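The values are calculated or read from the model by the stated rules, or taken from the named source; none is laboratory data. Note that the structure is predicted; figures quoted are calculated from it, not measured. Note: ideal-geometry Cβ built from the backbone for every residue, glycine included; neighbour counts use all protein chains shown.
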Ligand code: PBG
């Protein structure tokens, strides 16, 4: 070994943050943010009339489930100790008012009952409360004669949808349509039907996003155009806080920011502004970007997934909805 020359006094730091990064044990001990299975919620798609699970090409590894394959996925989620599952239903027939959403024999309502029978209280069973999977025009609400989304007529249907989902046995409903007043109307409908224990995860700050692309394939959406008259503009952060505060005032038990990655600042602001748990949705396009880059060998897939979810937790999410939930729970357990 050659003798290293002495470092001049002036170059010797007084404070060395690097000391806390010396070993894996030390880094683990001082980590500010944790990622735990209980904080993760797995979104699942179930499609009416399907004989075999159907791959979703823009979301490699994610499928549209049959009623029976769905049960395998939820029992695995329960064994892994996930926080919950969020169910999306895809009906065989869509129509202008989304009839399948309020039909007690509609695919989502049947799936809720199946899933609750399978896992009982081992998981929080949640359902998307929105019309876009059920309407032939693909919008989250019903339309006026001139083609605009009719806020107040849609609320009446959301109330009926909430009752149907609660009757099917759901633990928590997730209104995601961004209609004004939806949380209040749903809370009132649930309470009036004696479903006071069914809680509401409000998709409060939900932005009109290009990153929902793969989800459109996942639910066979027929949407033309966009959702900019009801979902929020990417330019607005304060408005996200306003929406979250309104939803808490209307009775939301949890509020959500969605998408996650392009809105981590909004997530932080909402976390600081409300006194209920905050969720974030690591959405389809965020999933697809990592999967696509990893498939090319351009990034380290597992490391990118863990870094993504950690960033969402660090920004303030207590709960994270992610298509990687089960895989990550397995990674964390090893
Ligand atoms: C609406 C809903 C959407 C998503 C979840 N709930 C689509 C939209 O609002 O356009 C997107 C989820 C994802 O992209 O992973 N029912």
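For the reader, a short list of remarks on this structure follows.
- Within the stretch 284-317, tally of residues that are within 16 Å of the ligand (Cβ to nearest atom) and farther than 16 Å from residue 328 by Cβ: 5
- Scanning the stretch 231-259 for residues being outside any strand (DSSP E or B), near the ligand (Cβ under 10 Å from one of its atoms) and farther than 26 Å from residue 146 by Cβ gives a total of 1.
- Evaluation of residue 228 against (1) within 12 Å of the ligand (Cβ to nearest atom); (2) over 19 Å from residue 90 (Cα atoms); (3) in a helix (DSSP H, G or I) (one fails), failing number: (3)
- Residue match in the stretch 294-308 (condition: touching a strand residue (DSSP E or B) at 6+ places or on another chain (Cβ under 7 Å) and farther than 24 Å from residue 77 by Cβ): no
- Taken over the stretch 213-236, the criterion of being closer than 26 Å to residue 304 by Cβ and touching a strand residue (DSSP E or B) at 6+ places or on another chain (Cβ under 9 Å) is satisfied by 215, 218, 219, 234.
- Leading residue by the ranking (farthest from the ligand (Cβ to nearest atom)) among those in the stretch 214-225 that are closer than 20 Å to residue 63 by Cβ and assigned to a loop (DSSP other than H, G, I, E, B): 220
- On inspection, residue 170 qualifies as more than 13 Å from the ligand (Cβ to nearest atom) and either farther than 22 Å from residue 272 by Cβ or assigned to a loop (DSSP other than H, G, I, E, B) (or both).
- When 181, 169, 147 are checked against the criterion of being surrounded by fewer than 23 Cβ atoms within 10 Å (Cβ to Cβ) and at pLDDT below 95, 147 stands alone in meeting it.
- Of residues in the stretch 184-213 being in a loop (DSSP other than H, G, I, E, B) and within 14 Å of the ligand (Cβ to nearest atom), the one surrounded by the fewest Cβ atoms within 10 Å (Cβ to Cβ): 208
- When residues of the stretch 271-281 are limited to those that are closer than 13 Å to residue 313 by Cα and touching a helix residue (DSSP H, G or I) at 6+ places or on another chain (Cβ under 6 Å), the one nearest to the ligand (Cβ to nearest atom): 280
- Taken over the stretch 291-300, the criterion of being under 21 Å from the mean Cα position of the chain (by Cα) and crowded, with 16+ Cβ neighbours inside 10 Å is satisfied by 291 alone.
- Single condition residue 139 does not satisfy, out of (1) more than 15 Å from the ligand (Cβ to nearest atom); (2) surrounded by 22 or more Cβ atoms within 10 Å (Cβ to Cβ); (3) part of a loop (DSSP other than H, G, I, E, B): (1)
- Within the stretch 51-69, the set of residues being within 19 Å of residue 100 (Cα to Cα) and buried (at least 20 other Cβ atoms within 10 Å of the Cβ) comprises 64, 65.
- All of 48, 9 fail the test of being over 22 Å from residue 282 (Cα atoms), without any contact (Cβ under 8 Å) to a residue 60 or more places away in the chain and in contact with a helix residue (DSSP H, G or I) (Cβ under 6 Å, 6 or more places away or on another chain), apart from 48.
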